[in-house]
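Values in this text are rule-based calculations from the coordinates and carry no lab data. Note that the structure is a prediction, hence the values are computed from the model and not measured. Virtual Cβ from ideal backbone geometry, glycine too; neighbours counted across all protein chains shown.
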Amino acid sequence: MKAVRFSEVGGPDVLRYEDVDQPTPGAGQVRVRVAASAFNAADAGMRGGFLPIPVVLPHVPGYDVSGTVDALGEGAGGLRVGDAVIGFLPMERDGGAAEYVIAPADALVPAPTTIPLPDAAALPSVALTAWQALFDDGKLTAGQRVLINGAGGVVGKYAVALARRAGVHVVATASPRSDAAVRAAGADQIVDHTTTDLLDAVDEQVDVLLNLAPIDPDRFAALVALVRDGGKVVSTTAFMATPGDEARGVSAATVFVLPDRNRLTELVSLVDGGALQVEVTRRIPLAELPALHAEAAAGRIEGKVVVQPA
Ligand SMILES: NC(=O)c1ccc[n+]([C@@H]2O[C@H](COP(=O)([O-])OP(=O)(O)OC[C@H]3O[C@@H](n4cnc5c(N)ncnc54)[C@H](OP(=O)(O)O)[C@@H]3O)[C@@H](O)[C@H]2O)c1
C-alpha cells in the first residue's frame, strides 16, 4: 500500500511517499481503509523532533483519521467490517497518512452520517481539545463567562459552539476573515483583534480566559487582568508557559489533548444534530502531504486540511 512516512526526524524533506507492507491487525485492533487523515501542527512537531512523543521510526503521521473497518483482529469487539469510523489514534503509533491504518478498536467510534466520511477526519483531536480546555481545565458551567482568544481558528470555533451550548457567555476574538464563522458558532461578543485591543473591549471580567492564538508571552500575561479573582487561564499553545496570577488566585493550565471515546461519540452526535459544524478548508491527495508539511514549515496553514489516499 502507499503511505507517507519518515525514517529520521527533520525538515519536511524527511517525508517519503512510498510503498509499504499492508499492516495486519493484532489482538484488540482493527485495520481501517483510510478515507482521510487530518493534518495537525503536532504531526509537524513529531516529524521535526520538537514534540516529546516517543514515535518508533519509520513513522506514519496522521493521528486523526476517518475510514471504513476493513479487517478485525482477535477480540476487536463492537466493530464490523464495513463500519464507517473516526478516531484520535495513539500519537506514538502509525497514523492514517496511508491507504490503511491499524487502530485500537477502542479508539474508534461510528463516523458522523451527515458529512462526507473524509471530512470527518477533521473532527477528533481538535474538537476534543476544545472540550477538554473548556470543561476539564476551565471547569466552565452555565452562566459563567469565557474569553476565547483565537476563536477564529479550528479549535476556536468548536470551543465557541461547545461553550455556548453549555450556557456559557462567550466573548471571542475574530479577524474579519473569521468573523462570520465565529458569529455563526454562537459567540455573544466578538472583538476584532486586528483593530481593537481586548483590554479596552472587554468591560466585564471573565471566569476563564482560553488562549488559542500565537500571541507573545508578554501580551498573554497582560490579558490575565481580564480574568476575575479566583478564575482560570487555559491555553493550548503549549510552546509557551501559561500565565496565572497567584496573588489573585488565578490559576494557569496548559492543555495536552487526550483521547476520549465517550466524548468523541457525543461530538459526533452534535455534528449529526447540526449543533457543531466541521469545517474543512482543503482536501489534498496523500502524495501531496510532504508539500503540505513544507507549506506549514514556511508559514501558517489556514483551517483544517484533510489528506486522502488515491
Ligand atoms: N495542546 C494541545 O493538545 C493542542 C491541541 C490542538 C491544537 N493545539 C494548538 O492550539 C492552537 C490553536 O489551534 P488551531 O488549530 O485552532 O489553530 P489555528 O486554526 O491556526 O487558529 C488560531 C487562530 O488564532 C487567530 N489569531 C491569530 N493571531 C491572533 C491574535 N494576535 N489575537 C487573537 N487571535 C489571533 C487566528 O484567527 P483570526 O485571525 O481569523 O481571528 C487563527 O485562526 C495551535 O497553536 C495548535 O497547535 C494544541
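Annotations
- Overall form of region 126-254 per C-alpha gyration tensor (a/c, 1.5; a/b vs b/c): rounded
- Charge context of residue 192, other residues only, Cβ under 13 angstrom, K/R +1, D/E -1: -1
- Here region 216-310 carries DSSP beta bridges of which approximately 10% are antiparallel, counting only pairs with both residues inside.
- Of all the options 103, 41, 163, the one that moves most in a Gaussian network model of the chain with Cα springs shorter than 10 angstrom is 41.
- Beta bridges by DSSP in the chain, antiparallel share as percent, to the nearest 5: 55 percent
- Proximal charge balance of residue 15 [Cβ under 9 Å; K/R count +1, D/E count -1]: +2
- The phi torsions of region 211-226, fed into the Karplus equation with coefficients 6.51, -1.76 and 1.60 and a -60° offset, translate into couplings of 9, 10, 9, x, 8, 7, x, 5, 5, 4, 4, 5, 5, 4, 4, 7 Hz, rounded to whole numbers, with Gly and Pro shown as x.
- The length gained on full extension between residue 50 and residue 239, counted as 0.36 nm times the residue separation minus their Cα-Cα distance, comes to 67.1 nm.
- Where labels lie 7 Å past Cα in the beta-carbon direction, separation of residue 246 and residue 17 in nm: 5.3 nm
- Counted charge near residue 63, where neighbours are those whose Cβ lies closer than 13 Å (Asp, Glu -1; Lys, Arg +1): -2
- Free of any GluC sites (Glu not before Pro) that DSSP assigns to a loop and that have at most 16 other C-beta atoms within 10 Å, the longest stretch within the chain is 93-203.
- Peptides ranked, highest mean first, by Cβ atoms within 10 Å: ranges 115-124, 191-200: 115-124, 191-200
- Cut-off under 5 Å, modelled amide H: who pairs with residue 99 long-range: 2
- With the simple model of a label 7 Å out from the Cα in the direction of the Cβ, residue 7 to residue 302 spans 3.8 nm.
- Highest-MSF residue in the chain out of 257, 14, 30 [GNM, Cα springs under 10 Å]: 14
- Value of relative contact order over the chain, rounded to a whole percent, pairs C-alpha under 8 Å and six or more apart: 19 percent
- Cα gyration tensor category, rounded, prolate or oblate, for region 236-304 with a/c compared to 1.5: oblate
- Cross-link partners of residue 157 among aspartates and glutamates, defined as those whose alpha carbon lies under 14 angstrom from its own and excluding same-chain residues fewer than eight positions apart: 179, 188, 279, 302.
- Helical mean residue ellipticity (222 nm; -39500 (n - 2.57) per DSSP H run of 4+; nearest 500) of the chain: -6000 deg cm²/dmol
- Shape category assigned to the chain from the gyration tensor of Cα positions, a/c cut at 1.5: prolate
- Hits among lysines - C-alpha to C-alpha of residue 2 under 29 Å, sequence gap 8 or more where chains match: 304
- Alpha-carbon centroids, region 30-65 and region 238-272: separation in whole Å: 21 Å
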